[in-house]
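Read through the structure below, which is laid out as structure tokens, and then see the notes.
The values are calculated or read from the model by the stated rules, or taken from the named source; none is laboratory data. Everything quoted here is computed from the prediction, not taken from an experiment. Heads up, the Cβs are rebuilt from the backbone with ideal geometry, glycines too, and the neighbour counts pull from every protein chain shown. The accessibility values were calculated without ligands, DNA or RNA, using every heavy atom of the protein model including side chains. Shrake-Rupley method; radii C 1.70, N 1.55, O 1.52, S 1.80 Å.
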Amino acid sequence: MALEGKLVITCACTGAETTKAQNPALPITPDEVAKTAEECRAAGAAILHLHVRNDDGTPTASVARFKEAIEAVRRKTDIIVEITTGGAVGDTAEDRLRPIAALQPEMASLDCGTVNFGDEYIVNDLPTMRAFAAEFRKHKVRATLECFDLGHVYASHYLIKEGLLEAPYHYGFVLNVPGAVPYSVENLSAFIRALPAGADYTVMGIGRSSLPAQFGAMANGGWIRVGFEDNVYFSKGVLAKSNAELVERAARIAHEGGLKPATPDEVRQYLKLRG
Ligand code: ZN
């Protein structure tokens, strides 16, 4: 049973790789992230997907920096904070996992496999994924099972069979990463068919696929993610003024489709978050 009549919007406002040179409105500091979170919540986002940066903009997996950012967000808004454990290209698994025990966020991403990322690559072998899932379970952190490839969806079934994940399952399909799976209706359908029964999913179309992926997700009953981590443009050649502008459009599309953006508390209840 899905969240009847509702669409869950996630905003991935910063990411690890996007730069202010690509879009000057990119939030970097905890205060900038908190202001963005407040604006995105007002525009209809229920979940904030969070990476953190040093003041110079370089990505970090520092627990102290995550703590600072989460506290700044909490002072402004009730949005759900989903921290990354994907980190940045080159981070070790230990670095990526550390904030789970230290900060016990409501949600966090859990990468379900190894993938090309442009000229780089991100390694997640099954033993790493098991260790991550066990740690999430121990601290009652709801995973967004991020799948960059069809094989990742199948790999997640091992974690379920081994009792390392508990329902409700929430997936994140990351499509159009250079070197991985492009967004298309057919490719999205293949991912959806591979899901365990009753799972929900958020679709993330990277770059120019962001908007088509939003329509594809909604047509299939999925949820959507927007934000500068995935795409800095509003339309071809036109930079988005802010993350909130992208959330506003997603909410507008939802309304046109007869759906209301879900509130953070509705999602907390539905996904049985620790709260
Ligand atoms: Zn991310």
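Among the residues of the stretch 231-258, what is the count of those that are surrounded by fewer than 19 Cβ atoms within 10 Å (Cβ to Cβ) and part of a loop (DSSP other than H, G, I, E, B)? Of the residues in the stretch 231-258, 5 are surrounded by fewer than 19 Cβ atoms within 10 Å (Cβ to Cβ) and part of a loop (DSSP other than H, G, I, E, B). The single condition among (1) at pLDDT below 95; (2) within 15 Å of the ligand (Cβ to nearest atom) that Met1 does not meet is (2).
Just need a number here: residues in the stretch 52-67 that are part of a loop (DSSP other than H, G, I, E, B) and either surrounded by 12 or more Cβ atoms within 10 Å (Cβ to Cβ) or of a type in the set (Lys, Arg) (or both).
If we filter the stretch 52-67 for residues that are part of a loop (DSSP other than H, G, I, E, B), which is where we start, we get 54-58, 61-62.
From what's left, either surrounded by 12 or more Cβ atoms within 10 Å (Cβ to Cβ) or of a type in the set (Lys, Arg) (or both): 54, 57, 61-62.
Summing the residues that are part of a loop (DSSP other than H, G, I, E, B) and either surrounded by 12 or more Cβ atoms within 10 Å (Cβ to Cβ) or of a type in the set (Lys, Arg) (or both) in the stretch 52-67 gives 4.
Filtering the stretch 167-179 to residues that are under 19 Å from the mean Cα position of the chain (by Cα) and either open to solvent by 30 Å² or more (accessible area, probe 1.4 Å) or not hydrophobic (A, V, I, L, M, F, W, C) (or both) leaves Ala167, Pro168, Tyr169, His170, Tyr171, Gly172, Asn176, Pro178. Looking only at residues of the stretch 7-18 that are touching a Pro at 6+ places or on another chain (Cβ under 7 Å) and either under 20 Å from Pro261 (Cα atoms) or outside any loop (DSSP other than H, G, I, E, B) (or both), we find that the one that is farthest from the ligand (Cβ to nearest atom) is Leu7. Just so you know, in the stretch 205-233 the residues that are within 15 Å of Ile47 (Cα to Cα) and out of contact with any helix residue (DSSP H, G or I) (no Cβ under 8 Å at 6 or more places or on another chain) include one that is farthest from the ligand (Cβ to nearest atom), and it is Arg225.
Residues in the stretch 133-151 that are in a helix (DSSP H, G or I), open to solvent by 10 Å² or more (accessible area, probe 1.4 Å) and not small (Gly, Ala, Ser): Glu135, Arg137, Lys138, Leu150.
The residue that is nearest to the ligand (Cβ to nearest atom), among those in the stretch 101-116 that are open to solvent by less than 10 Å² (accessible area, probe 1.4 Å) and small (Gly, Ala, Ser), is Ser109. Out of Ala42, Ala21, one residue alone is open to solvent by 10 Å² or more (accessible area, probe 1.4 Å), more than 14 Å from the ligand (Cβ to nearest atom) and in a loop (DSSP other than H, G, I, E, B). It is Ala21. If you scan the stretch 192-220, which residues turn out to be within 23 Å of Gly5 (Cα to Cα), open to solvent by less than 30 Å² (accessible area, probe 1.4 Å) and not in a loop (DSSP other than H, G, I, E, B)? Selection gives Asp200, Tyr201, Thr202, Val203, Met204, Gly205, Ser210, Ala213, Gln214, Gly216, Ala217. Restricting the stretch 68-86 to residues that are in a loop (DSSP other than H, G, I, E, B) and either closer than 21 Å to Lys140 by Cα or modelled with pLDDT under 95 (or both), which is farthest from the ligand (Cβ to nearest atom)? The extreme case among them is Asp78. Yes or no: the stretch 112-119 includes at least one residue that is closer than 30 Å to Tyr158 by Cα, at pLDDT 95 or above and under 15 Å from the mean Cα position of the chain (by Cα). Looking for residues that are closer than 30 Å to Tyr158 by Cα, at pLDDT 95 or above and under 15 Å from the mean Cα position of the chain (by Cα), one finds at least one in the stretch 112-119, hence yes. For the stretch 24-36, the tally of residues that are surrounded by 17 or more Cβ atoms within 10 Å (Cβ to Cβ) and either assigned to a loop (DSSP other than H, G, I, E, B) or within 15 Å of the ligand (Cβ to nearest atom) (or both) stands at 7.
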